[in-house]
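Comments concern the structure below.
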Amino acid sequence: MLAPVRTVSTANRTSPLLTVQPRRGLVDEKFQIVITNLLPNQEVTLHSLHQSEDKDFWEAFGHYISDEHGTVTVAKDESLGGTYEGTEQMGLLWSLRPVPGSRSALRLRKTNVLTPMVVNISVYNGHLSQGFSKTSVLATTVTERWYMAPGVQRVNIRENGVRGTLFLPPGPGPYPGVLDLWGGGGGLVEYRSALLASHGFASMALEYLSPDELRTADVDVSYFENAYQILQNHPKVQKNKMAMLGLSFGSAITFSMAAYSTIIKPQCCVCISGSHVVPVDKSLFEVFEEIKKNMDKVHVNEDNHVIQRGMILPIPSDPAQKIDVGRIKCPVMLVNGGDDQNWASVESAQDMEMMMEKAGNRHLLTVLTYPDAGHLIEPPYTPHFRATNFILQEMKEKIVMLWGGQTKPHAYAQEDSWEKILAFFHQHLYSSNIRAKL
């Protein structure tokens, strides 16, 4: 990691000094921000600015007052206003939002993990809430946030019809393997797998919904089994230390494979914002045709945001309409948001608990439920998106999807759950193995 850089606006020694440490780090790593050489009790605004790969600008800011020594320490001092309030060390990241005048319903996601997320951090005199680009700064610096740690390898997977990207930790290995599945938005989403590899797991981001490349009629159980075997048979992966990680529809796939597959036998699974109500036991085309039958339960709110959670409510009592989670033989962690407006994940978790209690495997289940968190529970310090543009892959229709959640509790959920997910994987995949040192 780079040594901290202090950037000042002029050569004057009494000018404010802005220190960010580390200046280059992983996205889930906290940074320390300190401003010195201010006047005692000086009002200042700390501002972050990021330009996304889509060329949209995102900003966050907090209002601070320096102490009697003219110092602001973000990890200890309170923001009195702005996009976040209170003592929030990472508020400049998790409260990022599109600058005024931006396109509507945006979501910030890293596409190219070989480059960092670059964030400009600046200090302004006074408590500002707008007009930052037209105001002179007291001090400014640039930070880099990476999903890939130094030495992590990125490998394209195009084998047996399977499409994905494998991320390998540094060193000879072998490492535990994680098959990483995102949800119904489709495409190849790499950043979570890159971050998992940065923490010592060989993780493969799997593409399974891609209208231009994969027909849903051709993607069935065998596709996921082939992907699992490709990862399992890689020379740098431990065959007997495998896991699956799914978000949203990716959780339905994970539950289905763990319950029914004779090939996929993971040591543990993590499912974020998912449900067992949609069995994936046939082609995705057929699964989506079944889902479409419940479209009449989808609601649109006064903002024209689509609320999907009612599609699987009430949770069916008929066992044939659900994945038989009583068959699962490995530890499972569920991560859910109490304000998930996209999927009835909390109700599903309650039903799964009852099913597993009845089947005698309830001891394998860990449930994390975060009040006021939404559907998109991502790695730490990812900005919160309550509603964003979304393409319904099976209908080729663009909508604004309501994900739910409130910004501060959602940020807490992301930080806390990621720490627990990593600990869960270490517990069940590393056991007596030496943890990777990055």
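The values are calculated or read from the model by the stated rules, or taken from the named source; none is laboratory data. This one's a predicted model, so the numbers in the text were calculated from it and none came from an experiment. No Cβ is skipped: glycine too gets one built from the backbone with ideal geometry, and neighbour counts run over all protein chains shown. Just so you know, the surface numbers come from the protein's heavy atoms only, side chains and all, with ligands and any DNA or RNA stripped out. Shrake-Rupley method; radii C 1.70, N 1.55, O 1.52, S 1.80 Å.
Observations, loosely collected:
- Distance between modelled label sites at T140 and K329, nm, 7 Å Cα→Cβ extension: 6.0
- Each residue of region 146-163 is assigned a 3J(HN,Hα), and the resulting list reads 10, 8, 9, 6, x, x, 5, 9, 10, 10, 6, 10, 9, 9, 6, x, 8, 10 Hz, derived from the Karplus form 6.51 cos²θ - 1.76 cosθ + 1.60 (θ = phi - 60°), x at Gly and Pro.
- Spin-label pair Q321/T14, simplified geometry with 7 Å Cα→Cβ offset, distance in nm: 7.4
- Region 17-146: Cα Rg divided by the 2.2 N^0.38 Å rule of thumb: 1.02
- Rounded to 5, percent antiparallel among DSSP beta bridges of the chain: 65
- Note on H426/R97: beta-carbon distance plugged into 1/(1 + (r/R0)^6) with R0 of 30 Å gives a FRET efficiency of 0.35.
- Gained length - E353 relative to L128, 0.36 nm times residue gap less alpha-carbon distance: 76.1 nm
- Short-range pairs are left out: with C-alpha atoms under 8 Å and at least six residues apart, the relative contact order of the chain is 12 percent.
- In this view, the solvent-accessible surface of D281, computed with a 1.4 Å probe and all protein chains in place, comes to about 90 Å².
- Net charge over other residues, Cβ less than 10 angstrom from the Cβ of M311 (K, R count +1; D, E count -1): +3
- Helix-only CD estimate at 222 nm, as mean residue ellipticity for the chain, using -39500 (n - 2.57) per DSSP H run (n ≥ 4): -5500 deg cm²/dmol
- Expressed as a fraction of 2.2 N^0.38 Å, the C-alpha radius of gyration for the chain is 1.03.
- Label-point separation, V300 to A217 (7 Å along Cα→Cβ), nm: 3.0
- The DSSP beta bridges internal to region 131-254 are antiparallel in roughly 55% of cases.
- Computed over Cα pairs, the Kirkwood radius of region 309-438 leads via Stokes-Einstein (1.002 mPa s, 20 °C) to a diffusion coefficient of 130 µm² per second.
- Dividing the Cα radius of gyration of region 163-233 by its Kirkwood radius returns 0.99 for Rg/Rh.
- 5 angstrom amide H check on Q153, placed H, neighbours 5+ away: L168
- Accessible surface ranking that places the most exposed of M244, M117 first, with a 1.4 angstrom probe: M117, M244
- Placing a label point 7 Å from the Cα of E68 along the Cα-to-Cβ direction, the residues of region 24-40 whose backbone N falls under 14 Å of that point are 40.
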